[in-house]
Amino acid sequence: MSGSLDQSAQRLKATAQFQALDYDGNGYIELSDYHQAVDGLLAEFSVDGDAPAALDVREQYVALFDRLRARADTDHDGRVSQEEFLASVTGSVGRSAGRAIRPVAHAVFTVCDQDRDDHLTTEEFHRFVKAIGGAESQADTVLSSFAPDGRISRDAFTELLTQFYADGDPNNPLVHFFG
């Protein structure tokens, strides 16, 4: 990690992440929330649910949920409460974010890269942010940090998502990505 957020800032960031991941708003992150996230992404980019890219992104999201559940679901009810999430995220995400996020980032990038040029345009990136419930007001700031020319490569996109989950630098524009 390139910096460290104080405990309250880290908790605020994690709370925003939790709220973004709890698609149905029931106070728990469940596998169905991850399926809703994938469905929203596929709908935003008009990708058929049976397309190889769609199947891959769904598989990666399920694997990500399984990792979260294994690490955070301390009461073993098959879902992750906000308290469980906050305890897990503030304690361990930085150590495992890269391993967990890289395959998801690659799968998501493939869905978002509509013209298949191995770069996301500003429009594609904005659509991605909208699809995941990110802070659209932060999209240009984040994009300019990772792609000053307005086109973000697959590697830069992967780094962006990895940094969001792992970086504790309070000056990183990703800190407020989910609000």
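No lab work stands behind these numbers, since they all come straight from the coordinates. In this text the structure is predicted, and so the values were computed from the model without any measurement.
Before moving on, here are some points about what is shown:
- Percent breakdown of C-alpha pair distances by 10 Å bin, ordered from the shortest bin, for segment 6-60: 24, 38, 28, 9, 1
- Equivalent ellipsoid of segment 36-146: semi-axes from √(5λ) of the C-alpha gyration tensor, largest first, are 26, 17, 13 Å.
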